[in-house]
Structure formats: C-alpha cells, structure tokens
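Reviewing the structure listed below.
Coordinate-derived values only; no laboratory data. Note that this is a predicted model, so its numbers are computed, not measured. Using ideal geometry, Cβ is built from the backbone for each residue, glycine included, and neighbour counts are taken over all protein chains shown.
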Amino acid sequence: MFKVIKKEGKARRGVFTCAHGTVQTPVFMNVGTQAAIKGGVSALDLKNVGCQIELSNTYHLHLRPGDKVVRQIFERMKAIPKSEIVNIRYREKMEERKALLKSAKSDYAKAAAELDTLRAEVIKSLRGESAFPQELLSSLIADGEKKCLAIQRTMEAAQAAYDEGQAMLDALNAQYDDIISWAEMYDSTSMESKKMIVSCLIRRVEVYRDYRLHIDFNIDFEQFSAGLDISAIAA
C-alpha cells in the first residue's frame, strides 16, 4: 500500500507499506544478487546505515538457501519420532509442574480440613462442649483462613504453570504435525505452494559479505529439533 504524505510541484513524499515493514519515499533501493549487495556489504552493514529496502530475486533465494535447506530440515524431522522431539524434552519439566500442583492441592485439602475442624469447635464452644476458649478459636480460625488463602494462591499459580506447559506441548505437537504434512507434500507440490511452505518455515535470511547465511526460523528449533544443526545445513 502506498500513501502520499505531501506534494510540492511534481515532487511527492510518501510511505510504502509491505508485509515486512514500511519504507519512506523517495528512497534509494539497493539491488542484491543472491540477496547480498556486491562490494563487501553485509546485511548487518545495511541495517547499521539505515537501509530501508533491498530488491532481491526470489528465484535466487529459492536456490539458496531454498530447496537444499528445506529438504534437509524435513528429512531430519521425519527421521526423528514425534515423542523424541516433543515429549521427551518437556517430560521432566511437566512432571515437576505436575508434582508441585499435586503437593499444593494436598496442602490445601489438609489446611481446609483443619479449618473446618476449628469451625466445628465454635459450635461446640457455644454449647459449652469445647475445651478451647472462644477467643482462642477466633484467633486459630483467622490464622487458618490466612493459611488456606496463601496455599490457594500457590495452588492457582501451580495450576497456571501446568496449564501453560500443557498448552506449549499442544502447540509443539501441532507444529510437528504441520511440518510433517509440509514435508510429505513439498516435492510434489507447485512452486507457489513451496513458497508458502518456505514462508511459514523461514522468517528471514541474512546474507554476509562472504555470502554466508544466517536463517531466522519461525519455529524454535533449539527447543524443537533435537539438535538439528541449521548452520551446517545452510553452509
């Protein structure tokens, strides 16, 4: 989308908005070969000098990192069972959260039972059947209520942490299923579908002076890939 901000004679100033950000115009647009500016300028150099936009041939990017990287990622992912990638990495953490939640629930049930017992003593006290003075019972009940409230907060925090971990597991399972479905269709699908798959997998590619690549993925492979060496694949 292009929006004109101001005009003066035949000149105009505007803002061009695309999927990856905005560009103030008029602007000098660099042309990159294999997504790099010739003459020893890296992506970091362009960022430091405030470069707003670079024109790159998507066919070059399809060739490198393109198919080679994507295919090897898919091959490695398909070779590792889902349980190894998703469940094993989070099993210990989820067991810890589950144990903490179980302990908090047990503590709360015990504290609540003690509080119910003290409240029952109030009835006995009114009948003259309790060994506790009413003043002491009131103090014990107040302490018991505070204890229950504190444990309840701990229990709620433990439940929230467990639910958060379970949601993360569900999201990782869904991501794994998506990747496997992309892997199975990648070789036989159209070029447009391949572009869509790559855009889902890769957020951005930075090219350095020696054409060395840094690939920023949409998926957290440090957590997800069980040691997948992206830098080695991209080299």
Sort 156, 92 so that the residue with the fewest other Cβ atoms within 10 Å of its own Cβ comes first and the one with the most comes last. 92, 156
Of the listed pairs 68/93; 98/124; 10/194; 98/147; 68/98, which have alpha-carbon separations greater than 31 Å here? 68/93; 98/124; 10/194; 68/98
Label-point separation, residue 71 to residue 92 (7 Å along Cα→Cβ), nm: 3.7 nm
28, 217 arranged by Cβ crowding within 10 Å, fewest neighbours leading: 28, 217
Neighbour cut-off at most 16 other Cβ (10 Å), DSSP loop, trypsin sites (Lys or Arg not before Pro), the range 100-190: 127
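Using R₀ = 25 Å, calculate the FRET efficiency as 1/(1 + (r/R₀)^6) where r is the Cβ-Cβ separation of residue 175 and residue 27; round to 0.05. Spell out each step's value before the answer.
Numbers: r = 37 Å, r/R0 = 1.47.
Efficiency at R0 = 25 Å is approximately 0.10.
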Packing-based order for 135-143, 194-202, 8-16, using average beta carbon neighbours within 10 Å, highest first: 194-202, 135-143, 8-16
With r defined as the distance between the Cβ atoms of residue 163 and residue 6 and R0 fixed at 45 Å, what FRET efficiency is calculated, to the nearest 0.05? 0.30
